[in-house]
Amino acid sequence: MMTIQTSNLGFPRLGRKREWKKAIESYWANKIDAPTLNQQLTDLHKENLLLQKNYNLTSVPVGDFSLYDHILDTSLLFNIIPERFQGRALDNDLLFDIARGNKEHVASALIKWFNTNYHYIVPEWDNVEPKLNDNVLLERFKYAQSINVNAHPVIVGPITFVKLSKGGSQSFEEKVNTLLPLYKEVLQSLVDAGAEYIQIDEPVLVEDDSASFEDITRTAYNYFDEAGLSNHLVIQTYFERVNLKFLNSLPVKGLGLDFVHDNGYNLKQIKDGDLDKNKSLYAGIIDGRNVWAADIEAKKSLIDTLQNATNNLVIQPSSSLLHVPVSLDDETLDESIAEGLSFATEKLDELDALRRLFNDDDSQKFDELKARYDRFQNQSFKNLEYDFDSVRTTRQSPFKVRKKAQDARLNLPDLPTTTIGSFPQSQEVRKFRADWKNNRITDEDYKTFLKNEIARWIKIQEDIGLDVLVHGEFERNDMVEFFGEKLQGFLVTKYGWVQSYGSRAVKPPIIYGDVKWTEPLTVKETLYAQSLTDRPVKGMLTGPVTILNWSFERVDLPRETVQDQIALAINEEVLALEKAGIQIIQVDEPALREGLPLRSEYHEDYLNKAVRSFKLATSSVADETQIHTHMCYSQFGQIIHAIYDLDADVISIETSRSHGDLIKDFEDITYDLGIGLGVYDIHSPRIPTESEITEAINRALQEIDRSLFWVNPDCGLKTRKEDEVREALTVLVNSVDKLRKSTNPATV
Ligand code: GLN
Ligand code: ZN
C-alpha cells in the first residue's frame, strides 16, 4: 500500500487572539511604525507556520499570509495598480490606500470571495503597466525554509486573477497572455529556490461558465509546460465540482479537488476514471469552511476509494482554512459540545490521525476522534422532535384583504416614512455594552442606559416626524450574534473570529444543536419603546435565512431543516410581539441573496426553501399585523420572484445607488405588495438634498403604485453619526411632506 501525504491550502491570518488585526489597526492609528508592523507580522507568520508544522504536514502553504488580502498581493506583484494610485512607491501605505481609500481617492471595490464571507480587493486594469515587482512570495518561501518548515508556495492562478478583475480595454485572453511571462518568472524563481510544487489556485474553474474559458486555461498551462514547469504545478480548486476530464488534460503535476462541497460530482468523476493515475490528487476531504469534527470513519473510506484513482494521494482540507477560527484551545466550552467541534488546528490534527492510520498503522488518534464524533452525534441536544406542520406557511388572507385591515388599524398617511431599524451605535453605546459584558457595570445600569437611549431616540423620531418608529437596536452588537446568544442550540465563542475583509473579522455563532425559542428576545425593548409613543413602533427581528447564512451551520441535518428550526423560533418571537400589542414586525433577510449556491442549478431549490422558512416565521400572525422585511442590495434580477413569494406586506430595499437597475428588475413582475425604497445612501456621511430625495421618489412612483409606496433610508443607521442621522431624516421627512401636499400628476 502506498503512503499518503498531508497538506494544507491556507491558514487563518488573524492569529489566535486577532493579533493580526491589532497589529494592522495599531499601524493605521500611528501607534506603531512600519518596521514594528513588519516585525509583528513576521512573528505571527512564523507562529502560523510552526503551528501547522506540529501536525506533521508533508507541506505547509506560504503565500496565503498577507498584509490585507492575497488577491491584492497578487495585483501588487504584477503591478496591476489602480490608475489613481499609480506613480507611488510600492510600500505598505500604497497597499493600504488601495484597500481602504484615502483623502484623495476611493478604495478599490471589495467583492465576496465566491460564496464565502471573505471579501477580496478587485484588481483594476485601467491603464496598467504589468511587470514584476518585489517577489514577496519568494521571500516568504525562503523564510519558511530558513525556519525549517517544509513549505509549498501558493499563488492565485492567471485565469482566476483575470476573471476576478475589472477594467482595462484588453480582452480576458489578452490580459492572461500579458501576465503569463510574469507568472512564469515567479514560478521559475520558486522552483529554483527548491519548491517541490506550487499550489496555483484556480477556483473559477468550478463556476457555471468555466467551459467558456477552457481554451485560454489550456493556453496558459501549455505555456508553463513549455517553460518546463509542469512537473511543479498543482491546479487547486475548491467550493464546487470541476470538469475533471478537462482538468485532467492539462499538463500539470497534480489537481486539487474539493470532495466536501462538490455535491458528489468530483467523486463521481474520479470513480468514472476521469483522472489519470499518474497525476497527483490533492484531495480536499476535511471541510475547510465549517467548524465540525469530521466523520473520521467516512473520511477513511473516502481515502480508500481515492487511493484506487491515483498513484500519489495528498489529503488536505477542502479549501483554505482562512474561513475558520484558529484553535479550540483558547475556548472554555462544555466538553459535550467541544467534542463535536474542529477549528483550523483540529482539522490538521484530523489529517494527521488519518495519515498515522494509513502510513504507520497507528490507529490510536483515529479511534479517539471516532469515539468523540460518535458521542457528539448522540447528544440529546441534537435529537429534539419538531412539528413543522403545525405552523402556518401562508397568511390567513391574501395581501389585498390584509392591507385593508392594516390600513384601517394603522391609519398611516400617504407615503409613510420609516427607518430600517438601527440607530447609531455610538462610542457610548459600545462602551456601555463592553463594560456590561466585562462586569464593570451592573445589569441594572446597563438596562437603564438602554432605556434612556431608546427614549431619547423615540423623541428624536417623533420630533423629526417619522410615521413608523423603531427602538434603535442599541442592545445588539450584531444582528445575528444577538439572536445566537439568546436562542437554544447556538454557541457564541470567545475567539472564534474569521476574517471578513481587511482587518474586519466576524464571529459567527455556531449552531451546535436543535434550535429552540425559550424566552422572549426583543419584546421588552420593543414594548418599552411603544409605551413612549402613540405612533406604531416596528418590532425588529433577523430572519431564519440570514441567521443561518451568517452562522456556522450544522451539517448532520439537511440545511433546510436547520433553517426551519430557526424559523419556528422566530415565529415564536413574532407571535410574542404580536401578543404584546406590536402592530408591525420586520423580519430582516439581508443575506438571502448572498446565500445563493455557486451553481445556478441549485438556485431554485435554495430559493424555495428560503421562502418556505421565511413564511414559516411570519405567516401565523393575524391579518391586521403588518409584516415587513428588509434586504440591502438592489440587484434583484435573479431572485425577484422569490422576493415576491415571501408575501411580506412591505419590503424595504436599497436602491439609492441604482434606481435604473431596480426598476428593470421589477419590470417583468407585477409587484403589488408594499414596497419601501431606500431613497438615500446610508453608507456615505453625505446629507442628501431634498430635491434628490423628491426626485428618487417621483421616479419610483412612475413604476410603483403610490398606495403601496413607503419612504425610508437604504439600510440601518448604526454606522452613522447622530447629527448625520437627524439631518438626513429631516430632509427625508420634509421632502415627503411637500409631496403629500402637492398633487402629483404621476399618481392620479
Ligand atoms: N435592522 C437592521 C439594522 O437596521 C438591518 C441590518 C441589515 O440590513 N444588514 O441595522
Ligand atoms: Zn440593510
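No value in this document is a laboratory result; all are computed from the given coordinates. What you see is a predicted model, and the numbers here were worked out from it, not measured in a lab. Heads up, the Cβs are rebuilt from the backbone with ideal geometry, glycines too, and the neighbour counts pull from every protein chain shown.
Taking Cα pairs under 8 Å and at least six residues apart, what relative contact order does the stretch 551-689 come out at, in percent?
Numbers: 165 pairs, mean separation 30.8, N = 139.
Across the stretch 551-689, relative contact order equals 22 percent.
Expected output is a single nm value to one decimal: the length gained when fully extending between Ala298 and Thr3, i.e. 0.36 nm times separation in residues minus the C-alpha distance. What is it? Before the final figure, lay out the partial values.
Values: separation 295, 0.36 × 295 = 106.20 nm, distance 1.88 nm.
Contour length minus Cα-Cα distance gives 104.3 nm.
Between Asp672 and Lys524, 0.36 nm times their residue separation minus their Cα-Cα distance comes to what?
49.9 nm
With every atom except the alpha carbons ignored, what do you get for Rg and Dmax of the stretch 569-712, in angstroms?
When restricted to the Cα atoms of the stretch 569-712, Rg and Dmax are 15.9, 45 Å.
Please give the FRET efficiency for Thr448 paired with Lys245, using the beta carbon to beta carbon distance and R0 = 56 Å, rounded to the nearest 0.05.
Computed FRET efficiency for Thr448 and Lys245 comes out at 0.25.
With Rg and the Kirkwood Rh both taken from Cα atoms, where does Rg over Rh land for the stretch 474-631?
Ratio of gyration radius to Kirkwood radius for the stretch 474-631: 0.97.
For the stretch 69-191, count the residues as N, evaluate 2.2 N^0.38 Å, and divide the Cα radius of gyration by that value, please.
1.08
Under 1.5 on a/c is rounded, so check that first for the stretch 309-371, then, if it is not, pick prolate when a/b is larger than b/c and oblate when it is not; a ≥ b ≥ c are the square roots of the alpha carbon gyration tensor eigenvalues.
Oblate shape, in that a/c is at least 1.5 and b/c is the bigger or equal ratio.
Just to confirm the number: angle between the C-alpha axis of helix 427-437 and the first principal axis of the chain, 0 to 90 degrees, nearest 10?
So the helix axis and the longest Cα principal axis differ by about 70 degrees.
Can you tell me which of 509-520, 550-561, 613-624 comes out highest on packing, and rank the rest after it, using the mean Cβ neighbours within 10 Å? Write down the numbers at each step before the final one.
Working: 509-520: 20.1, 550-561: 17.5, 613-624: 22.2.
Descending mean neighbour count gives 613-624, 509-520, 550-561.
Output the Kirkwood hydrodynamic radius of the chain, Cα pairs only, in Å rounded to one decimal.
The Cα-based Kirkwood calculation yields 27.8 Å.
Amide H neighbours of Val156 under 5 Å, counting only residues 5+ apart in sequence or on other chains, H built in-plane at 1.01 Å?
Here the answer is Asp201, since their amide H atoms fall under 5 Å of that of Val156.
Between Ala89 and Ser171, what's the calculated FRET efficiency when r is the beta-carbon distance and R0 is 35 Å? Round to 0.05.
That pair, Ala89 with Ser171, gives E of 0.65.
For a quick protection proxy, order the peptides 708-719, 132-143 by their average other-Cβ count within 10 Å, most packed first.
The densest-packed peptide leads the list: 708-719, 132-143.
Nearest-5 percent of antiparallel DSSP beta bridges in the chain? Each step should come with its number before you reach the end.
Details: 10 of 63 bridges.
Approximately 15 percent, going by the DSSP bridge assignments.
Could you list the residues of the stretch 612-642 with an amide nitrogen less than 17 Å from a label point located 7 Å from the Cα of Thr394 in the Cα-to-C-beta direction?
612-623, 642
Rounded to the nearest 0.05, what FRET efficiency do Asp192 and Asp367 give with R0 = 35 Å and r taken as the Cβ-Cβ distance? Could you check?
The pair Asp192/Asp367 has a calculated efficiency of 0.20.
Which listed residue (Ala344, Ser301, Thr625) has the Cα farthest towards the positive end of the charge dipole for the chain, taking +1 on Lys and Arg C-beta and -1 on Asp and Glu C-beta about the Cα centre?
Result: Thr625.
For helix 214-226, what angle does its Cα long axis make with the longest principal axis of the chain, in degrees from 0 to 90 and rounded to 10?
Once rounded, the angle reads 30 degrees.
Please give the length that would be gained between Glu428 and Asp134 if that part of the chain were fully extended, namely 0.36 nm times their separation in residues minus their C-alpha to C-alpha distance (nm, one decimal).
Roughly 101.4 nm would be gained on extension.
Give me the net charge for the shell around Glu690: Cβ to Cβ below 11 angstrom, other residues only, Lys and Arg +1, Asp and Glu -1.
Every neighbour counted, the sum reads -2.
Testing the spin-label approximation: label points 7 Å from Cα along Cα→Cβ at Gln39 and Asn734. State their distance in nm.
Result for the modelled spin labels: 5.5 nm.
At 7 Å along Cα-to-Cβ for each site, give me the label-to-label distance between Ala580 and Ile337 in nm.
2.4
Hey, quick one: spin label on Gln488, modelled 7 Å out along Cα-Cβ, who in the stretch 564-608 has an amide N within reach, i.e. under 18 Å?
564-576
Would you mind computing, in nm to one decimal, how far apart the modelled labels at Trp28 and Asp705 are, each placed 7 Å from Cα along Cα→Cβ?
4.7
Against the longest principal axis of the chain, how steep is helix 722-741, in degrees 0 to 90 to the nearest 10, with axes from Cα atoms?
So the helix axis and the longest Cα principal axis differ by about 50 degrees.
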